[in-house]
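Quick notes on the structure that follows.
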Amino acid sequence: MKNLQEATERICELKGSLIALDSLLPALIEQSSVAARASLKRSLEAHAEAARTVMLHTDISELALASFERDIARNLALIERLTLPEEPGAQPRVEALLMACTRVTTFFESRVLTSASGFFFRRDDRLFLVTNRHVLIDADSAHFPDRIELGVHTDARDLTRHAIVSLPLYRDRLGLWRDAKDSGGEVDVAVLEIPRTALPVDVVLQAFDESHLEQGDDDVQMGDALAIVGFPLGFHDTIHHLAVSRSASVASAFGVRFQQKGWFLTDARTHRGSSGAPVVRRRSQPNQRSGALPWQLLGIHSTRMDMRTRDKDEDESLGLNCAWYADVLLALTGAG
């Protein structure tokens, strides 16, 4: 009897301690800075996932699991609510460039084919998705998708809110995208107009426009720092649905068609899935017309460049990439 009484008292003590901790934790969260809350949220999500892995391999009751998930969800919701800007219409503290990029997934009927990168370009009152032509059709690899999906944000303050937009690639067996040829052959750039009705009413995005193609007073030089923003191997921030950036530099004479093709070279480390990513340079003197995107859009990343004669056992890859000059977008997004 004595042991039962001691056990009961101990259980009551533990309950009291848990209630005290339950009161302390929200107080600590409320007193933390915005940056500390964001870091805490990431840490809590990581530790919660580790705890789930342990519990799933442990003899533990469903009641305990449910209680764990409920409290984790409650604390995450509290952190998220306190982290959001309080001002109505406040914008997220995230580089606007990331809101101009989107992951592109290709499908044939219901079957997933590939993952690639793309970005938004606005011409007058029309919005376009820009990516590589080989993302939408590539006879050499027998790649013939019939639709694509791309992701967009739906809340300016809560970047976890996200929607998928599905766009057909054909109507009456005719391709809906626009592509081009020049004196060097096919240009590996394609644009697909996005109808207003295809987007959620609460869509939040950024888009490049003609002003981002203007050189202004900044000449592009060999070695200039660039960013290539996309989804290499599909990798990205899966919680906030944001792309990642690779640092690069201009690796060939800018303005000169390398080997008479409509591209220049960059020296970034890239992977499959980066096809269609914007190649940008931060402006030293931002153009007022460029709004929230103080970047110059120089090109569209296409593929890695290598030497066919390279000895794969003796020589490393060149580490060079082809980027199509972005001014092709003026021709592809024109009226008609």
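The values are calculated or read from the model by the stated rules, or taken from the named source; none is laboratory data. What you see is a predicted model, and the numbers here were worked out from it, not measured in a lab. Every residue, glycine as well, gets a Cβ built from its backbone with ideal geometry; the counts of neighbours run over all protein chains shown.
Annotations
- Scanning region 181-225 for residues that are among the hydroxyl-bearing types (Ser, Thr, Tyr) and over 22 Å from residue 151 (Cβ atoms) yields 183, 211.
- In region 168-187, the residues that are under 16 Å from residue 323 (Cα atoms) and assigned by TED's automatic domain parsing to the domain that holds residue 262 form Cβ pairs under 7 Å with partners that are of a type outside the set (A, V, I, L, M, F, W, C) and assigned to a loop (DSSP other than H, G, I, E, B), at six or more places apart or across chains, as follows: 182/262; 184/257; 184/261; 184/262; 187/262.
- Of the criteria (1) modelled with pLDDT under 75; (2) within 20 Å of residue 155 (Cα to Cα), which one residue 96 fails: (1)
- Check on residue 284, in contact (Cβ under 8 Å) with a residue 60 or more places away in the chain, under 30 Å from residue 159 (Cα atoms), hydroxyl-bearing (Ser, Thr, Tyr) and not in a loop (DSSP other than H, G, I, E, B): no
- Residue within region 138-146 that is within 22 Å of the chain's Cα centre (by Cα) and within 19 Å of residue 242 (Cβ to Cβ) present: no
- Selection within region 205-257 - farther than 26 Å from residue 193 by Cβ, touching a strand residue (DSSP E or B) at 6+ places or on another chain (Cβ under 6 Å) and aromatic (Phe, Trp, Tyr): 254
- Number of the condition not met by residue 157 [criteria: (1) surrounded by fewer than 16 Cβ atoms within 10 Å (Cβ to Cβ); (2) not in a strand (DSSP E or B)]: (1)
- Residue match in region 297-316 (condition: aliphatic (A, V, I, L, M), assigned to a loop (DSSP other than H, G, I, E, B), at pLDDT 90 or above and buried (at least 17 other Cβ atoms within 10 Å of the Cβ)): no
- Against the criterion of being touching a residue at least 60 places away in the same chain (Cβ under 8 Å) and of a type in the set (A, V, I, L, M, F, W, C), residue 164 does not qualify.
- Some residue of region 64-80 being at pLDDT 70 or above and within 30 Å of residue 190 (Cα to Cα): no
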